[in-house]
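Here the structure comes first, spelled out in structure tokens, and everything after it is commentary.
The values are calculated or read from the model by the stated rules, or taken from the named source; none is laboratory data. Keep in mind that what you see is a predicted model, and the values were worked out from it rather than measured. Glycine gets a Cβ as well: all are built from the backbone with ideal geometry, and neighbour counts include every protein chain shown.
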Amino acid sequence: MRNAAPPGFEIAQFFKGIYIFQQWEMFPGCYTGGGKNVLGTMNWLKVPEDLTGKRVLDIAPWNGFFSFECIRRGASEVVSLGPDDPSKTGYDKTRDLLEIDNCIYRQESVYDLSIAEHGTFDIVLCLGLLYHLRYPLLALDRIYESRRNTYM
């Protein structure tokens, strides 16, 4: 994972035309402008600082900064699952800039989550999803079956 901004990097220009929902320090001193603080939320939820070797599922990742923070904390793999086009949310663009190769986006519904298709996860992040769902209990059933630890 890239730890320093490329020469001449301007965060506002990089995300021009993309709605930024999450505030995250992409590079030292270089913060995204969203209102949902990634580190504050992860600390409040007591997500471990060290995720070495953990397989993480991030449901409805939007910009993906929670997913990328899990990679930064040592997760061996992150599967980001959501209905949105990752090329329009900045997810793909950010993942490529950060040179992350163990974080994938699956454009799918939480209702389709299954152990057979997706495997199991050590940690599941389900942040900002439930209030969007028509069938939240069905989604929770799917999430419950695929997790070892869930942070909501």
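Here is a yes/no grid of residues against (1) of a type in the set (A, V, I, L, M); (2) modelled with pLDDT under 95; (3) under 14 Å from the mean Cα position of the chain (by Cα); (4) closer than 20 Å to Gly40 by Cβ:
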site	(1), (2), (3), (4)
Trp62	no, yes, yes, yes
Tyr91	no, no, yes, no
Thr94	no, no, yes, yes
Glu99	no, no, no, no
Asn102	no, no, yes, no
Gln107	no, no, yes, no
Pro136	no, yes, no, no
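Scanning the range 109-134 for residues that are among the hydroxyl-bearing types (Ser, Thr, Tyr) and either in contact with a helix residue (DSSP H, G or I) (Cβ under 9 Å, 6 or more places away or on another chain) or at pLDDT 85 or above (or both) yields Ser109, Tyr111, Ser114, Thr120.
When Phe14 is tested against (1) surrounded by 14 or more Cβ atoms within 10 Å (Cβ to Cβ); (2) closer than 30 Å to Ile115 by Cβ; (3) aromatic (Phe, Trp, Tyr), just one condition goes unmet, and that condition is (2).
Could you tell me which residue of the range 103-130 is surrounded by the most Cβ atoms within 10 Å (Cβ to Cβ), considering only residues that are assigned to a loop (DSSP other than H, G, I, E, B) and polar (S, T, N, Q)? Among them, the one singled out is Ser109. Looking at this structure, is Gly82 in contact (Cβ under 8 Å) with a residue 12 or more places away in the chain, out of contact with any strand residue (DSSP E or B) (no Cβ under 6 Å at 6 or more places or on another chain) and of a type in the set (Gly, Ala, Ser)? Judged against the criteria, Gly82 is a match.
Please indicate, with yes or no, whether at least one residue in the range 71-78 is over 18 Å from Phe27 (Cβ atoms), at pLDDT below 95 and surrounded by fewer than 23 Cβ atoms within 10 Å (Cβ to Cβ). Checked against the condition, which is being over 18 Å from Phe27 (Cβ atoms), at pLDDT below 95 and surrounded by fewer than 23 Cβ atoms within 10 Å (Cβ to Cβ), the range 71-78 yields no hits at all.
Against the criterion of being within 18 Å of Phe14 (Cα to Cα), crowded, with 23+ Cβ neighbours inside 10 Å, modelled with pLDDT of 95 or more and aromatic (Phe, Trp, Tyr), Phe27 does not qualify. Note on the range 42-61: among residues that are in a loop (DSSP other than H, G, I, E, B) and not aliphatic (A, V, I, L, M), the one that is nearest to Thr120 (Cα to Cα) is Lys54. Among the residues of the range 90-105, the one identified as farther than 17 Å from Lys16 by Cα and touching a Pro at 6+ places or on another chain (Cβ under 9 Å) is Tyr105. Looking at the range 19-35, is at least one residue outside any loop (DSSP other than H, G, I, E, B) and under 19 Å from Cys126 (Cα atoms)? Checked against the condition, which is being outside any loop (DSSP other than H, G, I, E, B) and under 19 Å from Cys126 (Cα atoms), the range 19-35 yields at least one hit. Consider the range 1-11 and keep the residues that are within 19 Å of the chain's Cα centre (by Cα) and surrounded by 10 or more Cβ atoms within 10 Å (Cβ to Cβ). The one that is modelled with the highest pLDDT is Ile11.
Filtering the range 62-102 to residues that are in contact with a Cys (Cβ under 9 Å, 6 or more places away or on another chain), part of a loop (DSSP other than H, G, I, E, B) and more than 18 Å from Thr120 (Cα to Cα) leaves only Gly64.
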